[in-house]
Amino acid sequence: MIKKILKILLYGALIFGLYLAYIFYNQYRDKLERDAYEKNIVDTSSPTVSVLRDSILVDYRNEKKTIHIYVPPGYAKDTTTRYPVFYMLDGESSFNDMENMAPEWEIDEVINAADSLGQQTAIVIGINQAEDRDAEYTPFVNDDNPNAHGGKFAEWVATDLKAWVDTHYRTNPSPAATTIGGISRSGMMAYYFLMAHPDVFGNALVQSPSMWVDHDRLLGMELTDEQLKDKKVFVSVGEHEGGIMIPHAKDVYQKFKEKGMGDDRVTLEIIPDEGHWHPTWRKSFALAYPWVMK
């Protein structure tokens, strides 16, 4: 009996050891790949992308934000056209591999391609995440994040930052021409922005939304039929995100469908063969941009 128990324990230890070796091997391989990627990383932003580092005051925090600004190729020559605006949370990943040391979302490439085809272009404002990202991207104080200030952050973007952008750039300031977007936790915040400030944001890119942050309270937010009129909501999630991510993305989509929004105003995209990472959101934006602009 004792030998049998020892044999089971030995096999168990062997299996556990192999599992740990597998984990460490994958971590080592990922590190090598990451090191090789960072060693060869280059500036991938378009010439019309500029960065204002620690320049925009967030008054309620008494600190300054970095923002990344894209204007269409013909912006400087055409002095009369006013453009729709996309505000992208986690915006350091919008245009340049070097900014986040990770694959960018190629937002500038997507809009440059639209420009070359004579299609609608837009200004894009990429807003850097805060050092306390979880607190900034949590709208309601809860047990997991007692320091949450996402509600105040959303108000700052909707009022102060938008006013600054509309003053300094040739924007179309109407809600129908104003889109908020994000990924993961900031994808959840894009949903919150739309629901909390429907008079400012007419469209939302809700990509891989982390609705688990406060699922019931978030899904409990409501807008009237009049407030939802003409809004567009693009929801996406990677095929391999699994767990609660796909069901929660479907919850967001279904919420708007149940409010009577048609396929031209709310859509759900499952990004094939992708998980919770930047290539998913790169593919997602390439689908979202023409759909919102349609």
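Here's the yes/no breakdown for (1) over 30 Å from Asp108 (Cβ atoms); (2) of a type outside the set (Asp, Glu); (3) within 15 Å of the chain's Cα centre (by Cα):
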residue	(1), (2), (3)
Val235	no, yes, yes
Pro247	yes, yes, no
Lys250	yes, yes, no
Gln254	yes, yes, no
Met261	no, yes, no
Gly275	no, yes, yes
>> Given the condition at pLDDT 95 or above, buried (at least 22 other Cβ atoms within 10 Å of the Cβ) and assigned to a helix (DSSP H, G or I), answer yes or no: does some residue in region 94-107 qualify?
In response: yes
> Within the group Val213, Val165, which residue is over 24 Å from Leu52 (Cβ atoms), of a type in the set (A, V, I, L, M) and out of contact with any Lys or Arg (no Cβ under 6 Å at 6 or more places or on another chain)?
Replying inline: Val213
>> Restricting to region 38-86, count the residues that are assigned to a loop (DSSP other than H, G, I, E, B) and either of a type in the set (Gly, Ala, Ser) or in contact with a strand residue (DSSP E or B) (Cβ under 8 Å, 6 or more places away or on another chain) (or both).
In response: 10
>> Can you say whether Pro146 is free of Cβ contacts under 8 Å to residues at least 12 places away in the same chain and in the same structural domain as Val252 (by TED's automatic domain parsing), as far as the supplied structure shows?
In response: yes
> Among the numbered criteria (1) farther than 20 Å from Pro103 by Cα; (2) of a type in the set (A, V, I, L, M); (3) touching a helix residue (DSSP H, G or I) at 6+ places or on another chain (Cβ under 8 Å), which single criterion is violated by Ile271?
Replying inline: (1)
>> Against the condition modelled with pLDDT of 95 or more and farther than 19 Å from Ser208 by Cα, how does Ala135 come out, does it pass?
In response: no
>> As an exercise: evaluate Asp166 against (1) crowded, with 20+ Cβ neighbours inside 10 Å; (2) over 19 Å from Lys255 (Cβ atoms); (3) of a type in the set (D, E, K, R) and give the number of the one condition it does not meet.
In response: (1)
> What pairs can you find where one residue is in region 50-65 and over 19 Å from Met98 (Cα atoms), the other is part of a loop (DSSP other than H, G, I, E, B) and at pLDDT 95 or above, and their Cβ atoms are less than 9 Å apart, with a gap of 6+ or different chains?
Replying inline: Val58/Ala130; Tyr60/His149; Arg61/Ala130; Arg61/His149; Glu63/Ala130
>> Take the residues in region 116-156 that are part of a loop (DSSP other than H, G, I, E, B) and small (Gly, Ala, Ser); name whichever of them is surrounded by the most Cβ atoms within 10 Å (Cβ to Cβ).
In response: Ala122
> Which one is nearest to the chain's Cα centre (by Cα), of the residues in region 277-294 that are of a type outside the set (Val, Ile, Thr) and more than 20 Å from Asp97 (Cβ to Cβ)?
Replying inline: Ala288
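The values are calculated or read from the model by the stated rules, or taken from the named source; none is laboratory data. Predicted, not measured: the structure shown is a model, and the values here were computed from it. Cβ coordinates were reconstructed from backbone atoms using ideal geometry, including for glycine residues, and neighbour counts include every protein chain displayed.
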